[in-house]
Every structure is written in C-alpha cells, then in structure tokens.
Amino acid sequence: GGRGFWPVTVELLSRLVALRGAAVIGLIAYGSYVRAKNRRELLLAFAGGQGWSLVERDDRWAEHFTGAPFDDGDSKEARNILQGSFRDRAMLAFDYSYETHSTDSKGNQSTSSHRYSVAVLHLPGWLPTVELVPEGVFGRLGTALGMQDIEFESEDFNRAYRVRADDPKIAYDVLNPRAMELLVSRRGQHLRLAGTDAICWESGSYRPADLLARLDTLHRLLGGIPPFVWSDLKGSP
C-alpha cells in the first residue's frame, strides 16, 4: 500500500541519479578521448609537414629541465613531444603537466593540475642563466620580495618584462636594443636562456601556429646575440 510507496520511489530515484551520473561521466570521458584523438591526428600531420618526429608520451622530458615551471609539484608528465630542427637549430616542444596539493583549514585536501606548453631551441654555446618573466602583479611582488630585476634603457621593455640573470653583463649583451624591440612586440613571453637551452613556456597545450611563433621568437633572439658573447664565454662550463 501507501506505506511502501515512498521508500521504493526514493530508491528508484537514487538509481536514476546514479545512472545519469554514470552517463555524464561516460560522455565526458568519451569527449576527452575524441578531443585527444583529433589533436593527435592534427599534430601528426603538423609534425610530418615540418619534418619532425612526434612521441605521444615520454616523462623523462618532464624531469630534464630545471627552473620554472619544472621545479614545482609532482606527477609530472610530458606528452605530444615534437623533435626535429627549426631553421637549422635543434628544437623540442611538448605539453607539460604537474600536480600540486593543498589542505584547507578543515583538513580537506585538494589537488590542482597545472599545464604548460614548452618550446626549446638548442643554443650554439653555453650561457649563464638569463630569464624573462612578463611584468605584472607577480613580477612586482617578486621584486618587492628581493628578487633581482635588471633595468634596461627601454622603458617599454622594462614595463613589459622582469629580467633576472646570473651575470647582468650577459643580460645586457643578449637583450640588446634589437632584441628588446622584438620582445616588446611579442609581449607575454616566458623565456629562459640557460646552459645550452633556450626555453619558452606558456599556460595550456601548444597549438601549431603558436608554437611556430614562439620558435620564431627564440630563433630571432638567438640570432641577434653578438658573436663576441660566444667568444668571450668560450671555455665556460
């Protein structure tokens, strides 16, 4: 009779909600699969057109570099790795991700995923670290906390970037007027020249057109470094 009606209805509703939730999860998973498949097909065609190789995953690259954004978090992954040459310079690009964990005041734990697209060109020689970060709230905060910020003659450049370097003289030589003009015209670049690598990274996954633009920026920047910089550093580590 009527007494059994509500318990049965609640149970039925619970099952329907569970089935609906499972269906939604299934659709999300399928959508992710289709997007990943379509992107891989796009990247395969792009890599083939550039004469580059494409590897779906190799986490060794996630541990290969130091400095931002590679020093934080865990569960590091490197996917969609492209390798080859860009205008006669060895190049590397990949999607990089890692996780960070936090606990709120009630003891609840949460995990955040961070994703970046990374582009690398091999340097013709060894350089001490020169790093550029787009100027902004975090840049000013870093300076206020005592992080090095080298000032240049170009006020437009100073407003656009915060620069840190192991050797300020190298920074001035590398970031000459021509280089500053290039970088001001392409705002928002996260760049680091360190050792034998020139690295550019941005949030999100790389897109072919954006990747070519970043590689072009790195190539022009390296091409504008005066020859005496390399000769002066000959014999460095």
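The values are calculated or read from the model by the stated rules, or taken from the named source; none is laboratory data. Not measured: the values here are computed from a predicted model. Cβ atoms come from the backbone with ideal geometry, glycine included; neighbour counts cover every protein chain shown. The area values use the complete protein model at the heavy-atom level, side chains included, leaving out ligands, DNA and RNA. Shrake-Rupley method; radii C 1.70, N 1.55, O 1.52, S 1.80 Å.
A few remarks follow.
- Taken together, the residues in region 213-227 that are surrounded by fewer than 16 Cβ atoms within 10 Å (Cβ to Cβ) and within 19 Å of the chain's Cα centre (by Cα) amount to 2.
- Residue-level check: of (1) surrounded by fewer than 14 Cβ atoms within 10 Å (Cβ to Cβ); (2) among the basic types (Lys, Arg); (3) within 23 Å of the chain's Cα centre (by Cα); (4) modelled with pLDDT under 95, Arg39 misses just (1).
- The lone exception for Cys200 - which of (1) buried (at least 20 other Cβ atoms within 10 Å of the Cβ); (2) modelled with pLDDT under 95; (3) not aromatic (Phe, Trp, Tyr) it fails: (2)
- Qualifying residues in region 187-210 (those that are of a type in the set (D, E, K, R) and in a strand (DSSP E or B)) - the one nearest to the chain's Cα centre (by Cα): Glu202
- When restricted to residues that are touching a strand residue (DSSP E or B) at 6+ places or on another chain (Cβ under 7 Å), open to solvent by 20 Å² or more (accessible area, probe 1.4 Å) and either in contact (Cβ under 8 Å) with a residue 60 or more places away in the chain or of a type in the set (Gly, Ala, Ser) (or both), region 68-94 contains 7.
- Qualifying positions in region 171-194 - in contact with a strand residue (DSSP E or B) (Cβ under 9 Å, 6 or more places away or on another chain), open to solvent by 20 Å² or more (accessible area, probe 1.4 Å) and either under 21 Å from Ser85 (Cα atoms) or in contact (Cβ under 8 Å) with a residue 40 or more places away in the chain (or both): Arg187, Gly188, Gln189, His190, Ala194
- Breaking point among (1) within 19 Å of Arg89 (Cβ to Cβ); (2) under 20 Å from the mean Cα position of the chain (by Cα); (3) not in a strand (DSSP E or B), for Trp230: (2)
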